[in-house]
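So the structure is just underneath, and the comments pick up after that.
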Amino acid sequence: MTRKEWLDDDAGPVVRPFALIGGRARSSGDDLDLIALITTTGANPRDRADISPEQAHILELAAETSSVADIASDLNLALGVVRVLLGDLQDQGLVRVRPPAQVAPLPSARILKEVINGLRAL
Amino acid sequence: MAFAPSDEPVALKILVAGGFGVGKTTLVGAISEIRPLRTEEVLSDRGVGVDDLDGVETKTTTTVAMDFGRITIREGLVVYLFGTPGQERFWFMWDELSYGALGAVVLADTRRLTDCFPSIDYFEQRGTPFIVAVNCFDGAERYEPDDVRIALDLDPDLPVLLCDVRRRASAKVVLVTLVEHALKTLTATQR
Ligand SMILES: Nc1nc2c(ncn2[C@@H]2O[C@H](COP(=O)(O)OP(=O)(O)O)[C@@H](O)[C@H]2O)c(=O)[nH]1
Ligand SMILES: [Mg+2]
């Protein structure tokens, strides 16, 4: 199952986002930061039927840690939809979320120096 | 989960702000792998009465494209660039975008200098480290960075530089200047 069966680059998602997330307005994923990092916990879904194809794709991407924005971009879905899908995965214990404040309350001087050198070397 | 905290992946966020047409999208594209990203804009029907007790407010959403780029410094250290949408109706996104941001590049065009005032005010108020990069358009009169600093009433230690965002080398200098400024701000507050 490739994403091409589900998504059409030109026409946008074939499945209407509203349908993807069951028309819900609120979700535990609503406040996920754009650069919050998502990693799979390694747990298996209790029932494969609970997982939509988009969520299965998210689990693949998050196997190696991915940000919310990267996931939205890779799935070609709008951020709000991705947040809902991620919230559900988090509720099911399938992904771990690290908000930026937890990742780097204030990035350390060491990290910033690394970024400066990295940018210069681009 | 045997990773020490320092081994955990780090994601950093840099914002690119400034008025419409100043070169935000061009800057992000010049320096990073640009990626498609869309967010929803809720166009709620406020006029249709305030009777939303049942929670079924009539809402229409449209999706808007955002500037989004990523620069991989090394495995486990990624810098994300986000363009802040210029128009006023997108203010709702700014708080979210600037939360936890390492810093911001405010792009300015000397022909329309006032366009960058809202961005400067915003980052000043939020305490987000920022620099001002004057994008030199062909045919626009050239000003010295200090003239721009005075015109914008900026702090003497706030970096102001001239750039051409179409050129990768120039875009690189802009980002390096910002991160150096963020580093200086960080070490100053830790003292
Ligand atoms: N001559 C010149 N044109 C530029 C420069 N930067 C951007 N442009 C052009 O100005 C237009 C607006 O730039 P864009 O990056 O889309 O602005 P944005 O609205 O801030 O994202 C585009 O057609 C760019 O090609 C520049 O430094 N010099
Ligand atoms: Mg643009």
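The values are calculated or read from the model by the stated rules, or taken from the named source; none is laboratory data. Since the structure is predicted, the reported quantities are computational estimates derived from the model, not experimental observations. For neighbour counting, all protein chains shown are included, and Cβ atoms are generated from backbone atoms with ideal geometry for every residue, glycine included. Note: accessible area is taken over every heavy atom of the protein model, side chains too, but ligands, DNA and RNA are not part of it. Shrake-Rupley method; radii C 1.70, N 1.55, O 1.52, S 1.80 Å.
Overview of results
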| quantity | calculated |
| --- | --- |
| Inter-label distance for B:D95 and A:R48, nm, one decimal - labels placed 7 Å from Cα along Cα-to-Cβ | 4.3 |
| Taking only Cα atoms of the stretch B:87-131, radius of gyration then Dmax in Å | 10.7, 32 |
| Total lysine pairs under 20 Å (Cα atoms) in the stretch B:11-190, excluding pairs fewer than 8 apart on one chain | 5 |
| For the stretch A:46-81 and the stretch B:63-114, distance of Cα centres in Å | 23 |
| Projected label distance in nm at A:T41 and B:T62, using a 7 Å step from Cα toward the beta-carbon | 4.0 |
| Total accessible area lost when B and A pair, probe 1.4 Å, Å² to nearest 100 | 3500 |
| Those GluC sites (Glu not before Pro) in the stretch A:30-122 that DSSP places in a loop and that have at most 13 other beta carbons within 10 Å | A:E64 |
| Overall Cα dimensions of the stretch B:11-190 - principal axes, largest extent first, Å | 57, 41, 35 |
| Cα gyration tensor category, rounded, prolate or oblate, for the stretch B:124-170 with a/c compared to 1.5 | oblate |
